[in-house]
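The values are calculated or read from the model by the stated rules, or taken from the named source; none is laboratory data. What you are looking at is a predicted structure, and each value in this text was computed from that prediction instead of being measured. Please note: Cβ atoms are built from the backbone with ideal geometry, for glycine as well, and neighbour counts cover all protein chains shown. When the accessible area is computed, the model is the full protein with side chains, heavy atoms only, and any ligands, DNA or RNA have been set aside. Shrake-Rupley method; radii C 1.70, N 1.55, O 1.52, S 1.80 Å.
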Amino acid sequence: MKTKMKTLTKSSALIFGAVASVSTVTASTDYGPAVWRPTCNANWYTSGSGHKFHVVHDMEGYYASVVSYFTSCGFTGASVHYATNGKQDTSSDYASGDITQMVSENYYGWHALCWNQHSTGTEHEGFVSNPAWYTEAQYQASAGISAHVATKFGYAKDRNHIVGHDEKKNSAWVTYANANLGIDATCNTHNDPGPYWDWNHYMSLVNGGGAPGGVVHEYLGVLGSDGTLIAKDGAYGSWLNQIGGVSAFQIEGGRIGALQGGVLQVKDGGLYGAWAAMTGPGVVKFQLCGNRIAALYSDGTLQCKDGFYGTWYTMLGGVSAFYLDGDRIGVLQNGAILTKWGLFGSWTTQTPSGAIKFQIKGERLGVIYSDGLLSCKDTENGTWYNQMGGVSDFRLDGNRIAALAGGVLYVKDGLQGSWLTETGAGFVQFEIRGDRIGALASDGTLICKDGLYGSWYTQLGGVGRFQLDGDRICLITTLGKVTLKYGVQGGWLDQTGPGYSGFQLATWVEGTTPGNSMIPPASMSLSVIVDNASAGFSVAGTWSTASSSTDKYGADYRYHSTA
């Protein structure tokens with residue numbers, strides 16, 4: 001249950017001593033704008049009936065004192081997921097709009113009696129009798145939380161699902177809650193946040209997403225084995241059919257691109273937009289990056305344009321691979337890497353021939369050569385630094401570089417940092433995203449950790465491929481079943497049954513223009529053909545043998561559809 005705090009002054013020695021004790025903090029992995037200041041004791045339920053609605057409280061006290069009280073080891077009476085500051089009364093006080101998370105969203109705080117195991121909640125610095133602490137910064141910070149949890153748990157951003165601790169006074173809601181939320185709507189006796197809380201303004205912010213930015217969408221797209229693309233918003237959202245006959249797709253912000261019979265189809269407006277053909281047939285690979293669209297044709301011609309209705313410009317011919325990042329365009333042409341800024345910039349040759357894979361991340365450029373050497377540089381005309389040999393794959397993310405060599409995952413910070421060995425041998429796929437690292441072993445076991453020096457946690461077995469996006473971890477099993485979770489220690493939420501061939505996560509805040517360079521260009525399912533007489537040839541899985549192109553590959557060769 002929740003017990004209201006007695007008013008505590010911000011000048012008390014108890015408060016400032018407690019504030020100092022929680023000043024060493026880390027960012028929340030549930031909700032980015034929040035700071036993680038966890039409760040000392042396990043004042044929560046680990047299971048419940050599902051998070052169906054969100055409760056708005058006021059503290060009848062001050063932010064710093066309530067946070068220190070809730071997080072103190074001697075306090076076991078109550079807990080809440082989030083708290084927000086109202087006014088910054090002194091220079092030593094927290095900023096107006098500061099957000100603390102104290103309980104994981106996977107759990108159920110003790111904040112609203114019989115509603116606890118059905119809801120999440122936010123405490124707000126302030127008083128029922130005085131509106132002075134309900135600042136605009138606090139409204140915006142809180143609205144962002146409410147929009148986030150509504151999206152995450154898949155319920156409407158309305159007054160049936162975002163309610164006050166005093167919502168029992170609303171007879172219409174009592175009727176709705178008793179019928180639809182599985183609770184006793186009148187079990188709470190509190191009267192907060194009270195008559196001065198501006199619900200109209202607050203809900204307009206919630207449905208505009210709060211600050212900074214707009215409504216947060218957590219998209220998941222899934223490709224069926226029959227080529228049907230379906231997508232949803234949030235783990236508990238409803239699936240919406242998008243388009244059929246798809247061989248590859250990408251979600252980028254509110255835009256979705258799909259290859260349908262070699263034609264690039266793109267839509268704006270999220271899941272409900274209209275499709276428009278961007279090209280004629282012949283496209284084998286494409287990428288969306290912010291407002292930019294690129295398409296690579298089967299003859300090696302790369303074209304790009306800016307804007308949904310922009311003009312296509314031919315970039316270069318003889319292209320075998322390309323990459324967009326912000327305003328930068330990179331290509332692999334005859335084994336050399338070339339880059340340029342903007343559609344009309346000049347190409348700069350970055351490497352001699354021999355490159356086989358590259359990635360751009362801001363000013364950084366990384367390249368793997370055919371002998372397995374990984375080399376990186378910062379800025380267009382910077383100095384190349386050799387990183388490691390024997391590399392089969394790598395990633396750039398912020399200042400971090402990760403490389404897979406001999407099945408072992410290595411990670412470092414900066415071009416001249418020291419490599420840290422993250423795993424033993426036997427790994428075949430990995431991702432880094434912010435502070436999180438994921439690695440997939442050859443036996444299908446997925447492990448994840450937070451931080452270079454964090455602990456690895458086994459996630460699931462039988463994994464075919466995975467992706468990290470914010471706090472979300474998503475994977476497709478070897479049977480084609482898509483499932484996701486929030487956090488390395490969260491519970492799995494099955495999204496599909498078996499039989500699917502691909503998926504992608506994407507988070508978009510309305511009003512922003514993303515440029516997600518972590519998503520590689522989407523390509524059609526082509527075949528891979530190798531000469532099985534090559535030195536060191538070996539296969540995993542089923543490869544077929546053929547002999548119809550002996551002029552190219554000798555007496556026989558192996559082939560396999562890409563997967």
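Placing 523, 79 in order of accessible area, with the largest value first and a 1.4 Å probe, yields 523, 79. Taking the Cα centroid of the range 125-159 and of the range 30-61, what is the distance between the two, rounded to the nearest whole Å? First find each Cα centre; the distance between them is then 13 Å. Ranked by solvent-accessible area (1.4 Å probe, protein heavy atoms only, all chains present), the residues 73, 474 order from largest to smallest as 73, 474. Look at (1) 42, 27, 22; (2) 60, 24, 20; (3) 48, 25, 23: the one that is semi-axes √(5λ) of the Cα gyration tensor in Å derived from this structure is (3). Here the calculated FRET efficiency for residue 428 and residue 311, from their Cβ-Cβ distance with R0 = 30 Å, stands at 0.10, rounded to the nearest 0.05.
With viscosity set to 1.002 mPa s at 20 °C, what whole-number translational diffusion coefficient in µm²/s follows for the range 64-120 from Stokes-Einstein and a Kirkwood radius over Cα pairs?
Answer, rounded: 172 µm²/s.
Cross-link reach is defined here as a Cα-Cα straight distance under 16 Å, omitting same-chain residues fewer than 8 places apart; for residue 377 the aspartates and glutamates meeting it are 325, 363, 397, 413. Just add up the charged neighbours of residue 487: K/R +1, D/E -1, any other residue whose Cβ is under 15 Å from the Cβ of residue 487. Residues near residue 487 contribute -1 overall. Of the accessible area of the chain, computed with a 1.4 Å probe over protein heavy atoms only, carbon and sulfur atoms account for 52 percent.
Paramagnetic label reach from residue 113 (point 7 Å along Cα→Cβ; backbone nitrogen cut-off under 15 Å): within the range 157-191, residues 164-170, 174, 178, 183-191. A Förster radius of 41 Å combined with the Cβ-Cβ distance from residue 349 to residue 512 puts the calculated FRET efficiency at roughly 0.75. Relative to the longest principal axis of the Cα atoms of the chain, the long axis of helix 136-153 lies at roughly 60 degrees. Candidates 438, 366, 342 compared by Cα position along the dipole of the range 315-452: farthest toward the positive end lies 342, with charges placed on Cβ. Along its three principal directions, the equivalent ellipsoid of the range 136-190 from the Cα gyration tensor extends over semi-axes of 22, 14, 8 Å, largest first. Distance from the C-alpha centroid of the range 403-435 to that of the range 270-318: 33 Å, rounded to the whole angstrom.
Adding -39500 (n - 2.57) for every DSSP H run of four residues or longer, then dividing by how many residues the chain holds, sets the calculated 222 nm ellipticity at -3000 deg cm²/dmol. When the chain is described by a simple charge dipole with +1 on each Lys and Arg Cβ and -1 on each Asp and Glu Cβ, the residue from 454, 555, 49 located farthest towards its positive end is 555. Among 309, 178, 126, whose Cα projects farthest towards the positive end of the dipole of the chain, with charges put on the beta-carbon of Lys, Arg (+1) and Asp, Glu (-1)? Farthest towards the positive end: 309. Taken about its Cα centre, the range 126-209 carries a charge dipole of about 180 debye when Lys and Arg each add +1 at the Cβ and Asp and Glu each add -1 at the Cβ. Looking at the range 65-168, the chymotrypsin sites (Phe, Trp or Tyr not before Pro) that sit in a DSSP loop and have at most 16 other Cβ atoms within 10 Å of their own Cβ are 75.
Each 5 Å bin from zero up to the one holding the largest Cα-Cα distance in the range 49-169 carries the following percent of pairs: 2, 12, 22, 25, 20, 13, 5, 1, 0. Overall, the ratio between the Cα radius of gyration of the range 275-327 and 2.2 N^0.38 Å, rounded to two decimals, is 1.05. Given +1 at the Cβ of Lys and Arg, -1 at the Cβ of Asp and Glu and no other charges, the dipole of the chain around its Cα centre is 360 debye to the nearest 20.
Ligands, DNA and RNA aside, residue 494 has an accessible area near 90 Å² when probed at 1.4 Å.
Put a plus charge on the Cβ of each Lys and Arg, a minus charge on the Cβ of each Asp and Glu, and nothing anywhere else: the dipole of the range 229-330 about its Cα centre is then about 100 debye. Normalised per residue, the accessible area of the chain is 40 Å², obtained with a 1.4 Å probe and no contribution from ligands, DNA or RNA.
In degrees, nearest 10, range 0 to 90: what is the angle between the Cα axis of helix 171-180 and the longest Cα principal axis of the chain? On a 0 to 90 degree scale, this one is about 50.
A crude spin-label estimate for the pair residue 174 and residue 132, with each label 7 Å from Cα along the Cβ direction, gives 3.4 nm.
Size descriptors for the range 134-283 (Cα atoms only): Rg and Dmax, in that order, 20.2, 66 Å.
Here's the list of aspartates and glutamates a cross-link from residue 168 could span, going by alpha-carbon distance under 12 Å and ignoring same-chain residues fewer than 8 apart: 184, 192. Remark on the chain: 289, 304, 376, 448, 474 stand apart, with no other cysteine beta carbon under 4.7 Å.
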